[in-house]
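K.L.:
Attaching a single structure in C-alpha cells format; questions to follow.
Throughout, read-outs are computed from the coordinates displayed, never taken from laboratory work. These numbers were taken from a predicted model, which means no experiment stands behind them. All Cβ positions, even for glycine, are placed from backbone atoms using ideal geometry, and neighbour counts span all protein chains on display.
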Amino acid sequence: MLYAIYLRKSRADLDAEAMGQGETLARHRAALLDYAAHHGLEIGAVYEEIISGESIDARPKMKQLLREVEQGRWAGVLCMDIDRLARGNSADQARVSNTFRISGTLIITPSKVYDQSRESDEEYVDFELFMARREYKAISRRIMRGRIASVKEGHFIGSMPPYGYDKVKVERGRGFTLSPNSESDTVKQIYSMCISGMGCNAIARRLDMMGIEPRKGSLWSSASIKDILRNPVYCGKIRWQYRREEKSLTDGIVTTHRRENPDCIIAQGLHPALISEEEFDQAQQFLNSRRIPHKKENTELRNPLSGLVYCGICGSMMTRLGTGSRNHSDTLRCPNRNCSNVSAKLKLVESALVEGVARWLNDCRVNVSRKPAADTAKAERTAADKVRAELAKLDSQRERIYSFLEQGVYSAGEFRERMESLEKRKMQLSENLRQAEQAVSEAEGNRQLYAQIIPRVERVMDIYAQSTPEEKNRLLKTIISRAEYIKTERNTRENADRCNFTLNVTPLFPETD
C-alpha cells in the first residue's frame, strides 16, 4: 500500500523562519521522508500548501487529500503533527476525523501512529484536534491584540502598501511604515481632479489618456479610483479592518461576504501625508453628493447566475443589467468598460448553462453505464496480477544470478551488469504495479463518487425551473464551480435570440472520461 505526505506552513513557522531556523516545508519534508525510509513506507504523493489552518474550504490540497482518503487510495498519511491536518472549527475537525476513521486510513506522525479502529486512538485524535483548535484561538487572540496595538501606534501592518507608497522598516524601532514613491504625484492629481468636479469614471479615462498606468493592469477602473479617494491613508491616517468578513449559512452552505465596517480603526500614522485633511474631506463631500441611495423595497436576488459566470476575456465577474421594462429582457454583461466582451440576454446565457449541466449529467450516466465498476476493477486487477507474476520471475532470476556467480559461471563484471539490468527492470515493474493498484482504487472510488453526484444533480435539475432566481442561484452553486463567457459578435434585430457566444461550464465534481 502507498502512503501520502501532507505539509502545511503555519504562522508560527513564518516566525521561526524569520529567526533563521530554515525553510519549514523543506525541513518537514526531509524529516517525513526519512521516517518513511526507516519504516519501509512507500510514498505515493506529497501535498504542500502555505495557508492558515482555520478552514478546510480554503485549503485546496487538503480537500484533494480528503477526497483521496475517502476513496481508500492511501494506507496512511504522514504529517508532522495532527494540527497540520485540521485546526479549524469543530465541523472541520469532525470531517477530518470521520474521513480517516471510516476509510481506515492511518494518521502517522514522527511521535505516534494513530489507528482510529482502536477506541483509544480515536479518542486521542479527537482530543489532539480539540487542543489544536484551542491553541489556534489563543494564538489568534494574541496576534489580534498585537495588531491593534501596532495600528494605534501608527504602524502599517498590511502586506501590500497602498498606491503611492512603499512599505519600509521604521527607523530606530520595530514595525513598518509607509514612504511616498513615484506614484504619489498621481494620487495628488486624482484628488485635485475630484475636488474640481470630475467623477471616478472621468478621472480613470483622463489617466488612461495621459498614459499613466495603475499598479496592476494597463487601464484604470472607476472602482480603483474610488478606493484611492476613500482611503484616509493619503491624509496621514492608518485604517484597519475597513472591510470585515461576514459568514452566513443558507441550506448548509457557508458563504463569505466582505462588507464595510463603520467601526474600523483609524489612527494617526507615522508616514507623511500626500494631501491635507481638508482636501480629503472635500473629496468625501463630492463623492457623497453623487451617491445614489439603494432602493430597499426590492432586495431579492434577480440574477440566477450571480457569482457564477465570469468574463472569459478579462476575468471580471459578469453582472446583470436590468431594463426596467417588461418588454425587454435583462442582459448579462462584463462590468469592465475597457473589455471587448459583448453582452447577451440573461435568459439565453442561463438556458445555455442549464443545457451544459444537463449534458454533463447525461455524460455521467453514460460513463457509468459504459464502465461497470466490477469489470473495470477486474481488468485492473488482472493487469496487477500479471505484473506481480513478472516480479516473481525476476526474484527467481536474481537467485540464479547469485548461483552462477558462486559457481564461477559469471565474472564479477558480468554479475554487476546483469544485476543492474535486473534491478532496472524490477523498478519499472514496481512502478507499473503501483499504477495498476492505484487504477483499481480510483476505479472503485470514482464509482462511489458518481453514485453520490448523479442523484444530487438530478434533484437540482428537477426543481430548477420552478424555483425563484435566488433559489436557482443557490442550487447552481451546489453543482457548479465557475462558468466563463465569451462573445465577440454583436447581434442584430433579426438574430437577437441567437446564442452566438461560448460558455465553458466547470462543475464542482470531476469531469467525465
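K.L.:
Stokes-Einstein at 37 °C, 0.692 mPa s, Kirkwood radius from Cα pairs: D for region 94-168 in µm² s⁻¹?
P.N.:
The diffusion coefficient I find is 207 µm²/s.
K.L.:
What is the sum of charges, Lys and Arg at +1 and Asp and Glu at -1, for the other residues whose Cβ falls under 11 Å from the Cβ of S221?
P.N.:
+2
K.L.:
Which of K188/K237; K345/K487; K167/K216; K393/K424; K63/K137; K347/K472 have a Cα-Cα distance over 19 Å?
P.N.:
Result: K63/K137 exceed 19 Å.
K.L.:
How charged is the neighbourhood of R290? Take every other residue with its Cβ under 14 Å from the Cβ of R290, and add Lys/Arg as +1 and Asp/Glu as -1.
P.N.:
Cβ neighbours under 14 Å give a net charge of +3.
K.L.:
Same structure, new question: Would you mind counting up the charge near C311? Only other residues with Cβ under 15 Å from its Cβ, with Lys and Arg at +1 and Asp and Glu at -1.
P.N.:
+4
K.L.:
Also: Where does each of 482-489, 330-337 land if you order them by average Cβ count within 10 Å, highest first?
P.N.:
Peptide ranking by packing, descending: 330-337, 482-489.
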